[in-house]
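The values are calculated or read from the model by the stated rules, or taken from the named source; none is laboratory data. Quick caveat, the model's predicted, so the values are computed rather than measured. Because the Cβ atoms are built from the backbone with ideal geometry, glycine has one as well, and the counts that use them run over all protein chains shown. When the accessible area is computed, the model is the full protein with side chains, heavy atoms only, and any ligands, DNA or RNA have been set aside. Shrake-Rupley method; radii C 1.70, N 1.55, O 1.52, S 1.80 Å.
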Amino acid sequence: MQLSETIKLYMTKEQKNLIVMAMNGYISTVNSLVSVATNGTSISKYTTADVDAALPSALTNQCIRDARSIVNKYNKDCRKVSAKNKKLAKQKSAVTIKEPAIPVLKRPCCYINNQNFKIKDNYIDFPVLIDGKSKRISVRTSMTDRQKMIFANAKLGTMRIVCKGNKIVAQVVYEAAELQYSDDGNVMGVDLGIKCPAVSYCSDGSVKFYGNGRRNKYMRRHYKYLRKKLQKAKKPAAVIKINNKEQRIMKDIDHKLSHDIVATAAAHNVSVIKMEQLQNIRSTTRTSRKNNHSLHTWPFYRLAQYIEYKAKLAGIQVEYVNPAYTSQRCPICGNIHHANDRNYTCKCGFHTHRDLLGARNICNSTEYVGNRHTA
Ligand SMILES: [Zn+2]
């Protein structure tokens, strides 16, 4: 699985100028190659000799590769649109779909493949153009110990130098090792919710609650209030800033929740984590309590995805089950009825905490709906 790590760069003034020049040169070269190709001249056999760019040849090569893949995707989109338009014309429809716009890179960036950059101690080496000649510079970084471990052991992919906010950072892609799946472990059901963000029930009988639903709710309300206030004051830039901040906080919460869930699973020798298939919620009206909160299905989706990729890295499989009746079915006798308040009590004598029932039923469920979210 490909993941990426972001590294801060501590450039000297001179290095910053060189890097900004490389980034601007990179996007203008890619853009002009794309424009050549979309004007009917094939660039499929282009080499660095065909391209007049103020870049080291390693970067020019990467520009050619990038331009080719951009053009291929653009051509594919054009073919799709013209096929659709032909179909519409046949149906004598008055509607036609607009041709896709020729893609243009706007944000300065540059991509350097793994042959051309080196990570050493706290430095990254890569080529830039100095006085018309390709020369390597060594930029100081602040890598965490975890990042150093990753870069020392993983197979590295492309490095992207991009602007993030008003800072220039490097993003290094690497191949993350996935552990081998085993089948002889425990099964864990994970139920995601609003009041209680996540509950896990493991087939060894252990139960765990994660997160603080009340605090999350308070925070959402707080940000909603701020947004309204800023909207009234006609400060759209501040609204965007507040939105981004809220998104960052919610993402951090999901990262922490998913980390804790997968760590608990690993500690309990779990080989399969089961969750509800969230996309089915819309079609299963009145069978899932989460249906009352359709607006909140997106955060569930992100959390489920985080759990899925962290589980994958830990060698734990993730499977999705049918969400129908998971919070209503008695796990002992199979009777279906609603819980009263916080407690679920069945005629057969079984009783449990309401939030626990879902996780337990998900753990026991064999109504698989694929092992992947289908968008
Ligand atoms: Zn029962």
query: Residues in segment 10-19: is at least one surrounded by fewer than 20 Cβ atoms within 10 Å (Cβ to Cβ), touching a residue at least 40 places away in the same chain (Cβ under 8 Å) and of a type in the set (Val, Ile, Thr)?
result: no
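A quick yes/no check of all residues on (1) among the charged types (D, E, K, R); (2) open to solvent by 30 Å² or more (accessible area, probe 1.4 Å); (3) without any contact (Cβ under 8 Å) to a residue 12 or more places away in the chain; (4) within 15 Å of the ligand (Cβ to nearest atom):
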site	(1), (2), (3), (4)
300	no, no, no, no
304	no, no, no, no
307	no, no, no, no
312	yes, yes, no, no
325	no, yes, no, yes
329	yes, yes, no, yes
333	no, yes, no, yes
337	no, yes, yes, yes
344	no, no, no, yes
- prompt: For residues in segment 58-92 being small (Gly, Ala, Ser) and under 22 Å from residue 34 (Cβ atoms), which is surrounded by the most Cβ atoms within 10 Å (Cβ to Cβ)?
  reply: 67
statement: Counting only residues in segment 24-38 that are touching a Pro at 6+ places or on another chain (Cβ under 8 Å) and surrounded by 18 or more Cβ atoms within 10 Å (Cβ to Cβ), the one farthest from residue 111 (Cα to Cα) is identified as 34
- request: Quick one: residue 142 ticks every box in (1) surrounded by 18 or more Cβ atoms within 10 Å (Cβ to Cβ); (2) farther than 20 Å from residue 65 by Cβ except a single one, so which number is it?
  value: (1)
field: Residues that are within 16 Å of the ligand (Cβ to nearest atom) and either at pLDDT 90 or above or exposed (fewer than 14 other Cβ atoms within 10 Å of the Cβ) (or both), drawn from segment 352-364
entry: 352, 356, 357, 358, 360, 361, 364
- request: Have a look at 104, 95 and point out the one that is open to solvent by 60 Å² or more (accessible area, probe 1.4 Å), closer than 21 Å to residue 161 by Cα, β-branched (Val, Ile, Thr) and not in a strand (DSSP E or B).
  value: 104
field: Criterion (over 20 Å from residue 109 (Cβ atoms), open to solvent by 30 Å² or more (accessible area, probe 1.4 Å) and out of contact with any Lys or Arg (no Cβ under 6 Å at 6 or more places or on another chain)) met by exactly one of 41, 48
entry: 41
message: Checking residue 150 against (1) modelled with pLDDT of 90 or more; (2) surrounded by 16 or more Cβ atoms within 10 Å (Cβ to Cβ): exactly one of these is not met. Which one?
response: (1)
task: Taking only segment 322-346 into account, find how many residues are within 15 Å of residue 366 (Cα to Cα) and of a type in the set (Lys, Arg).
output: 1
- line: Per the filter on segment 107-123, residues touching a Lys or Arg at 6+ places or on another chain (Cβ under 7 Å) and not in a loop (DSSP other than H, G, I, E, B) are 109, 111, 123
- prompt: Any idea which of 234, 241, 256, 251 is modelled with pLDDT of 90 or more, out of contact with any Ser or Thr (no Cβ under 6 Å at 6 or more places or on another chain) and not in a helix (DSSP H, G or I)?
  reply: 234
message: Going by what's in this entry, would residue 55 be described as open to solvent by less than 70 Å² (accessible area, probe 1.4 Å) and over 23 Å from residue 103 (Cβ atoms)?
response: no
Which listed residue is surrounded by fewer than 14 Cβ atoms within 10 Å (Cβ to Cβ) and touching a residue at least 12 places away in the same chain (Cβ under 8 Å), from 203, 182: 182
task: Return the pairs, sorted by first residue and then second, in which the second residue is modelled with pLDDT of 95 or more and not in a strand (DSSP E or B), the first residue lies in segment 110-131 and is surrounded by fewer than 15 Cβ atoms within 10 Å (Cβ to Cβ), the beta carbons are less than 6 Å apart, and the residues are 6+ apart or on different chains.
output: none
query: Which pairs have Cβ atoms under 7 Å, sit 6 or more apart or on different chains, and link a residue in segment 20-48 that is outside the structural domain of residue 63 (by TED's automatic domain parsing) to one that is modelled with pLDDT under 95?
result: none
statement: For residue 216, the lone unmet condition from (1) open to solvent by 60 Å² or more (accessible area, probe 1.4 Å); (2) touching a Pro at 6+ places or on another chain (Cβ under 8 Å); (3) of a type in the set (S, T, N, Q) is (1)
